[in-house]
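These notes concern the structure reproduced below.
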Amino acid sequence: MGSFSEYCQLSQITITSGTPCYLVPLQKKPMSEGRPWSLYCLPILGEYNSYGTIENIVYDKNITCVEQLTNLSIEQFCDQLTSYDSTLGLSYCFIRKDVYDILSETRIKGSFADILGKHELLVSMGFEYIQNVDKERYNREYSLNGQLYYSDNCYIDGQYYSPKSLAKLGADVSMFKGKDIFDFWKYDHYDYYWRLFGEMTFSILGEYRPEFIKSSNVQLFVENKDYYLPELAKMNRLLVNALNFSKTLEPKSYYLTPQCGEHKKHLYFHKQFGKILKLEVSE
């Protein structure tokens, strides 16, 4: 078979030979509602080789874990994953590195409500912990400027759903400037062992729990959690941002991409679509 191009799952921009991109291994979620595919492991960075896979792979802790998990070299894993007759039981797609960088680093204003009551954040904002009190839910008592406030280590009792509402009380909320919820993965309202290995899936790390951090591979994750947790938070920022234009992780479609890219034609249509969006925004 001759050379051919692939496409970026999130931008639909063609990926031609030598383009830096991520190969994204996917696993089917059992009895899934909504989005049926999730990560098998973190995306693997390399360059597209024009024959359906990547080369010049960037080695990092993710690669080490993939090799430990699969007992394959990363080259063997990528070749088997992208083979037409793969026996891995997985699927995959590609994301261009430049697209990945934009979507994983762009911070769009959102809610901080479900972490504002975390003890570490309250103390950092100037609240003083007083004591635990006999309440069913908001049982942690704090003081700020002579006033008492109560937290359940997640939310603050009262109408305090944003840093702005706490700033009015005299709290120092400067840590939130230019940030989004994914920058605060350490303060998610579930202990990260619970949110990754338990049943809850609506934390800031979301439902995209790779295979290597499920219960059968806990130790592999624990040994590298300081690397993986921020990377998973970035990945979830990327996926949440992509939902703004109705894209998510899905297996690639075959025989879809122009062999030579057709980037000029793609750009033309995007400009036309941009005109439509401007009209929508102005209305």
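Quick check: the angle from helix 61-70's long axis to the longest principal axis of the chain, C-alpha only, nearest 10 degrees?
Once rounded, the angle reads 70 degrees.
Which of the peptides 260-269, 165-174 is most tightly packed, and how do the rest follow, judged by the mean count of other Cβ atoms within 10 Å per residue?
Going by the mean number of other Cβ atoms within 10 Å, highest first, we get 165-174, 260-269.
How long are the semi-axes of the ellipsoid equivalent to segment 119-179, from square roots of 5 times the Cα gyration tensor eigenvalues, in whole Å, largest first?
20, 12, 10
Order of D180, D98 from fewest to most other C-beta atoms within 10 Å?
D98, D180
Which angle from 0 to 90°, rounded to the nearest 10, does the C-alpha axis of helix 263-282 make with the longest principal axis of the chain?
The angle comes out near 30 degrees.
For the chain, report the translational diffusion coefficient in µm²/s to the nearest whole number, using Stokes-Einstein at 10 °C, 1.306 mPa s, and a Kirkwood Rh over Cα pairs.
Value of D from the Cα-based Kirkwood radius: 75 µm²/s.
Mind jotting down the distance between the C-alpha centroids of segment 1-76 and segment 238-263, whole Å?
Answer, in whole Å: 13.
GNM on the chain, C-alpha springs below 10 Å: top fluctuator among L26, L148, L122?
Result for the chain, Cα springs under 10 Å: L148 fluctuates most.
Students often check this: by mean Cβ neighbours within 10 Å, which of 46-52, 236-242 ranks highest, and how do the rest follow?
With the highest mean Cβ count within 10 Å placed first, the list reads 236-242, 46-52.
To the nearest 0.05, how large is the calculated FRET efficiency for L72 and Y254 if R₀ is 30 Å and r is the Cβ-Cβ distance?
E between L72 and Y254, to the nearest 0.05, is 0.80.
Does anyone have the angle between helix 225-242 and the longest principal axis of the chain? Alpha-carbon axes, 0 to 90°, nearest 10?
Long axis of 225-242 versus the principal axis of the chain: about 80 degrees.
Quick note: the coordinates plus some simple rules give every number you see, no bench work behind them. Note that the coordinates shown come from a computational prediction; the quantities given were computed from them, not determined experimentally. Please note: Cβ atoms are built from the backbone with ideal geometry, for glycine as well, and neighbour counts cover all protein chains shown.
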